[in-house]
Each structure stands twice: as C-alpha cells, then as structure tokens.
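Data block below; observations after.
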Amino acid sequence: MTATHTSLANARVVEELERARRATLALLAPVPDADQRRQVSELMSPLCWDLAHIAHYEELWLLRALDAGAPTDPRFDDLYDAFRHPRRERVDLPILDPAGARAFAAEVRARTLAHLVTVDLDADEPLVHDGFVYGMVVQHEHQHAETMVATIQLMGEAFAHPDAALVRERGPAPAVDHRATCAVPGGTVVLGTSTEPWAYDNERPAHAVEVAPFVIDRYPVTNARFAEFVADGGYADPRHWTGAGWAWRTEAALAHPQFWRSEGAATWSRLRFGRREDLPGSEPVQHVGWFEADAFARWSGARLPTEPEWEAAAEGTPVAAANLGRRRWAPSPVGSRPATASRVGAEQMLGDVWEWTSSTFAAYPGFRSFPYREYSEVFFGDEYTVLRGGSWAADPAAVRTTFRNWDFPIRRQIFAGLRLAHDA
Ligand SMILES: [Fe+2]
C-alpha cells in the first residue's frame, strides 16, 4: 500500500516516538558535552555513545528492517553494536561526538517520520502489526535514557543535574507502618501476556502458573528499615548471605547501599545527582544489588518474591498513579501513593524502585524469539536475576506488570530495591 496513513495508530506512534526523544534530549541538555563524551564508570558507556546507539537502533529497525533506507555509515554497525564492544571500551572507539550524535539522531528521526506515513500498521506483517517494531524502538530509547540517568548519578559530586534539584512533593512522609503486609490468596495466576501489543518476546505467551498462598509487604523496603540491617551488622555477618554474595561483599568491601555515607551515630546521608542530603527514612531503599537484597530478606526472616508471586501481587496496579518518568528524581515515600494499590492492596509495585525477585531469567513455556535473539534469548540462564515494576527513572511506556528486567546480582548502580515476601 502506498497511500498516506494518518490513522489514529500512526498518530500515536508519532507521539510516542517524539515524546521519547524530547525526554532524552531534555535529560542530556544540561550535561556539558565534555561530560557526555567521557567515561564516567567502567560499568557505563559515554552518554554520546548511548544517544548514537539509540539512533542506530532506530535506523536498523524502523528503516533498514522495513526496506526503507540504506545505512548512514557502514562503520556504525560495528561501533554501535552493544555486543561487539563492552561498555568500558566504547570511550576509545572512533564514536560520534555529542554534536555528531545529536545530528545523527535527528537525521534518522526525520527519515523515520517520512517513511511512517507510508506504513499500514494494520497490515498482517508481525513487525509492523499494531506498531510492534515502533513500540520496541520507543521502549529501547526509554530504557537507554534510564541507563543514562544512572550514568549521570555515577558522576557523583562532579555534576549536579538541575532537574534533580526540583524534587517535588517534599513534605512530611505519611505516617504508615513500613512493615504492613497484604495476604495474597493462592491459586492459578496468569503470568505474562499474549495480547499487549508492545510487550517483548520474554513476556510472552500468557500462561497459567500455580501459586501457593503467601504474604507480601504492602510497600517496598524503606531506607529506615535497611539502616536497621546495617546497624545490626548485617553486612558483617555471613549467615545472612549466600556464598557468592558473601564473597562479593568481601571483595567489594560493601558496608551499606551505594551512595550512602555515615554521618555519625545512626545518621546517614546520601549523594543524589551531585548533592548530598539527609537520607529520607520513608523512601524505598535503592542502589542495592540482588546479593544485598537477598541478605536483607534473610536477616528479616523473610524472602524475595518469585516472579509469579510478584506478578500476582501487582495485578490491577494502575500505571497512571505510579512514580515513573522522572517526575520526582527519587522514589516517593511509602504510603504517599495509595492510588497505586493493586487488587490485593500492595502499593507502589510499579514505579519508585525496580524490585529484585528470587527468580533467574528464564523463557516462559512456549517462548518464541521475536524479532531477534539478542533482545532476550541470549540472556536466559542462571547468571541474571529478574527485576520487576520499573523505577522512578523508567518511562510508563516501558513499564507494565508483565515487564521483565534482568541484571547481574552484583549490580547496584541501577535504581533497584526490594519488597519482602513471607510464607503464609
Ligand atoms: Fe540498546
């Protein structure tokens, strides 16, 4: 079909593409180009690599995969392939500088939008049907933007992002019991989705799983609770840690969550986007790895939820009520978002912090890789543990109750915390 498509579906795709781009550019705008070009941490890419990689991915999937254009530069297939160069090496590659990356992103976007008006999103072609491949590219950009937020946090005292100074909704935290719980009846739970148009392959297909009755915390674990674990010597007692976790804790000399600093007896500060501030006890803890989350859970006499448990507890959470999309540049205090209550009454399951589960990243029964193996399939295995729910830095377009994120159990620069589960 060569007609011009101005359908509602096409208009929605344009709006989501443009909203993602506005957010990415607004995030980077205050960061000096020299900081966008440098390597902030071994764990992260230069910010200008991320931006050009976003553009290259868009060119690959929204132009080249749709037979709609030639490569801008054949060298980019190597330079911007995340599998060919580890993050710590990218700074030494002949990558585009920040201005070049911005120009590349703008050029690709103009070509994408010009082509989009010729695309029939109702076509019976899996890549474009319901805008799937556009949704994939939109989510990819949002996911990289969250990674860039983590890079900006890792700049430490060297750079204070101006948007983070505008923490909204400060004021007294609600007086709620941080340890409140919700009962979750057991039974058959539907895990994943077969109908959500922009869901990734790893969320598919929907399938029934049996879950025993259990109890889940109403809120994510707060800084105040985590500080009790630290004060009780939790980081110094191998009984709370797995063997691998203890080895890591010892090697990395971990004594508290990342970005915390002791300010004397039972007092902590945290560094948040270049500014040091009192640690807010009522906010969910973040910047803990899976090993620390798991150790905290054992110390508490509880455990991390499995993925099916997490998804059962999250069912019915209204995404619009969640702290997502860098509205606040921090998690929100527990009890401050009662409108996020799920069907069983658990709050803040979406937004605020990613929540570590006890599950390793595995294929669902009936999994089919689509549209490429390197999105999910190559990561399946025991090396990665699954995180759920999205963080304050994640965009609502890339968060849903079925969404699965994964990372190494030692990673703590991500905006991750935890929520406790208990046997009934
Ligand atoms: Fe990527």
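The values are calculated or read from the model by the stated rules, or taken from the named source; none is laboratory data. Please read all numbers here as calculations on a predicted model, not as lab measurements. In this analysis, Cβ positions are derived from the backbone assuming ideal geometry, glycine residues included, and neighbour counts consider all displayed protein chains. Heavy atoms of the whole protein, side chains included, go into the accessibility calculation; ligands, DNA and RNA do not. Shrake-Rupley method; radii C 1.70, N 1.55, O 1.52, S 1.80 Å.
Computed values, structure above
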| item | result |
| --- | --- |
| Members of the stretch 256-285 that are among the hydroxyl-bearing types (Ser, Thr, Tyr) and either touching a residue at least 24 places away in the same chain (Cβ under 8 Å) or open to solvent by 40 Å² or more (accessible area, probe 1.4 Å) (or both) | Ser262, Thr267, Ser282 |
| Residue in the stretch 206-216 that is open to solvent by 20 Å² or more (accessible area, probe 1.4 Å) and under 30 Å from Glu16 (Cα atoms) present | yes |
| The stretch 48-62: number of residues that are more than 13 Å from Asp77 (Cα to Cα) and either out of contact with any Lys or Arg (no Cβ under 8 Å at 6 or more places or on another chain) or without any contact (Cβ under 8 Å) to a residue 24 or more places away in the chain (or both) | 2 |
| Filter pass, Ala346 being assigned to a loop (DSSP other than H, G, I, E, B), within 19 Å of the chain's Cα centre (by Cα), of a type in the set (Gly, Ala, Ser) and under 20 Å from Ala224 (Cβ atoms) | no |
| Scan of the stretch 384-411 for residues that are outside any loop (DSSP other than H, G, I, E, B) and touching a strand residue (DSSP E or B) at 6+ places or on another chain (Cβ under 8 Å), ordered by number | Tyr384, Thr385, Val386, Leu387, Arg388, Asn405, Trp406, Asp407 |
| Of all residues in the stretch 107-161 being of a type in the set (D, E, K, R) and within 16 Å of the ligand (Cβ to nearest atom), the one that is most open to solvent (accessible area, probe 1.4 Å) | Glu146 |
| The stretch 217-236, subset of a type in the set (D, E, K, R) and open to solvent by less than 30 Å² (accessible area, probe 1.4 Å), residue nearest to Ala247 (Cα to Cα) | Arg225 |
| Condition met for Glu16 (in contact with a helix residue (DSSP H, G or I) (Cβ under 6 Å, 6 or more places away or on another chain) and away from the ligand (no atom under 14 Å from the Cβ)) | yes |
| Lone qualifier among Leu43, Leu60 - being under 25 Å from Asp163 (Cβ atoms) and within 16 Å of the ligand (Cβ to nearest atom) | Leu43 |
| Residue list for the stretch 329-349, restricted to those being of a type in the set (A, V, I, L, M) and open to solvent by less than 10 Å² (accessible area, probe 1.4 Å) | Ala330, Val334, Ala346, Met349 |
| Residue among Pro365, Pro333 that is under 16 Å from Glu307 (Cα atoms), in a loop (DSSP other than H, G, I, E, B) and not β-branched (Val, Ile, Thr) | Pro365 |
| Residue list for the stretch 350-368, filter: open to solvent by less than 40 Å² (accessible area, probe 1.4 Å) and of a type in the set (Gly, Ala, Ser) | Gly351, Ser359 |
| Residue match in the stretch 309-323 (condition: touching a residue at least 12 places away in the same chain (Cβ under 8 Å), more than 20 Å from Ala173 (Cβ to Cβ) and in a strand (DSSP E or B)) | no |
| Matching option when the condition is crowded, with 19+ Cβ neighbours inside 10 Å and modelled with pLDDT of 95 or more, among Trp246, Trp241 | Trp241 |
